[in-house]
Amino acid sequence: MEVKEALDVALLSGEILLTSGSEIYRVEDTIDRICNAYGIKSECFVTPTGIFISGWSKDNPKESVSLVKRIKSRTINLHSIEIINTFSRSLQTKKVPYDEAMELLRGMENAPYFPFYRRLIASGVTSLAYAMLFGGTAVNGIVAAIISMLIYASRDKMSRVSLSPFFLDFVWSFIAGLLAIFANKFIIPIDVNSVIVGSIIILFPGLAMTNGIRDALYGDILSSQARLTEALFTVTAIGVGVGIVLLLMKYWM
């Protein structure tokens, strides 16, 4: 396989991993594995927003190829991470031709995610569990689940709009607080605190914080700082949204 072709396969694999929420060290390790499997020497540098790869043939080290990929969006898809890991390790025993490898990766890149209704139910169950974990009753958990599902459905519809994710987190947390207070005043008496905690738990950047710490432990200080800073901004936006609602509740009710 040509150097450019091997780097194309490695770059696309790394892109899928990074956009699926993978750790930086895993992306770099996967790229190195794929290049080595095709007999290509490589150096790669990965950040949460970009992938940089240079590769050259072991037989002709003077001719190198460099590729750059800008990463603009990231989500959580552990299934894709698992498949890419399996793919990169299978290349150690069976070399896949370029066309077949790219077809496989592009098919995975465009593969349908979990159905919307499953993700919606999962968000509701998660919020119900956390509301009860923080001292709420079953009724509080159900209210938190309903609010969470409304927010999740709205987020899914708004995902096509190019707005700052931090602003959107502020808006959703503000709405969650308003709905909890509205439910308590006009529908059924509830523990507002546990309902708010349960309903906004789906907004928290748990994976970003975990990956930031893991990147730091693996020596990827730049990526670690970027992920932790992103998580900090997200948490701040959520806290400000909820805080404003609580202030309104204090002075107006």
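The values are calculated or read from the model by the stated rules, or taken from the named source; none is laboratory data. Quick caveat: nothing in here was measured; it's all calculated off a predicted structure. Reconstructed Cβ throughout: ideal geometry from the backbone, glycine too, with neighbour counts over all protein chains shown. In case anyone asks, the SASA skips ligands and DNA or RNA and just uses the protein heavy atoms, side chains included. Shrake-Rupley method; radii C 1.70, N 1.55, O 1.52, S 1.80 Å.
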_Every residue from region 24-40 that is of a type in the set (D, E, K, R) and touching a helix residue (DSSP H, G or I) at 6+ places or on another chain (Cβ under 7 Å)_ = R26, R33
_Looking at region 69-76, can you tell me whether even one residue there is under 23 Å from G219 (Cβ atoms), charged (D, E, K, R) and touching a Phe, Trp or Tyr at 6+ places or on another chain (Cβ under 9 Å)?_
yes
*Quick one: is R227 in contact (Cβ under 8 Å) with a residue 60 or more places away in the chain, open to solvent by 60 Å² or more (accessible area, probe 1.4 Å) and among the charged types (D, E, K, R)?*
no
*Filtering region 157-203 down to residues that are out of contact with any Phe, Trp or Tyr (no Cβ under 8 Å at 6 or more places or on another chain) and of a type in the set (S, T, Y), which residue is nearest to A138 (Cα to Cα)?*
S199
*Close pairs (9 angstrom Cβ cut-off, 6 or more residues apart or separate chains): on the phi < 0 side of the Ramachandran plot and touching a residue at least 24 places away in the same chain (Cβ under 8 Å) in region 28-44, assigned to a strand (DSSP E or B) and among the charged types (D, E, K, R) anywhere*: C35/K41
*Test set (1) farther than 18 Å from S20 by Cα; (2) part of a strand (DSSP E or B); (3) among the hydrophobic types (A, V, I, L, M, F, W, C); (4) out of contact with any strand residue (DSSP E or B) (no Cβ under 7 Å at 6 or more places or on another chain) - I34 fails condition number*: (2)
*Given the residues E15, E82, E43, E28, which is the only one that is assigned to a helix (DSSP H, G or I) and surrounded by fewer than 18 Cβ atoms within 10 Å (Cβ to Cβ)?*
E82
*So which residues in region 125-145 are among the aromatic types (F, W, Y) and open to solvent by 90 Å² or more (accessible area, probe 1.4 Å)?*
F134
*Give me the pairs, please: first residue somewhere in region 128-144 and hydroxyl-bearing (S, T, Y), second residue anywhere and surrounded by 18 or more Cβ atoms within 10 Å (Cβ to Cβ), beta-carbon distance under 7 Å, and either six or more positions apart or on two chains.*
Y130/V197; Y130/G198; Y130/I201
_Any pair with Cβ under 9 angstrom, 6 or more apart, that starts in region 172-196 at a residue that is touching a residue at least 12 places away in the same chain (Cβ under 8 Å) and β-branched (V, I, T) and ends at one that is surrounded by fewer than 20 Cβ atoms within 10 Å (Cβ to Cβ) and assigned to a loop (DSSP other than H, G, I, E, B)_ = I181/M253; I190/T137
*Selection count where residues are at pLDDT below 80 and not aromatic (F, W, Y), scope region 106-120*: 7
*Under 6 Å between Cβ atoms, at least 6 apart or on separate chains: pull out the pairs that start in region 80-101 with a residue that is over 19 Å from E28 (Cβ atoms) and end on any residue that is surrounded by 12 or more Cβ atoms within 10 Å (Cβ to Cβ) and not β-branched (V, I, T).*
Y98/M1; Y98/E5
*In the list E103, E82, which residue meets the criterion of being closer than 21 Å to V46 by Cα and modelled with pLDDT of 80 or more?*
E82
*Name the one entry in Y218, Y152 that is touching a helix residue (DSSP H, G or I) at 6+ places or on another chain (Cβ under 7 Å), buried (at least 21 other Cβ atoms within 10 Å of the Cβ) and of a type in the set (F, W, Y).*
Y152
*Could you say whether any residue in region 62-77 is in a helix (DSSP H, G or I) and open to solvent by less than 20 Å² (accessible area, probe 1.4 Å)?*
no
*Any hit, region 175-182, residues being closer than 19 Å to V245 by Cα, open to solvent by less than 40 Å² (accessible area, probe 1.4 Å) and within 22 Å of the chain's Cα centre (by Cα)*: yes
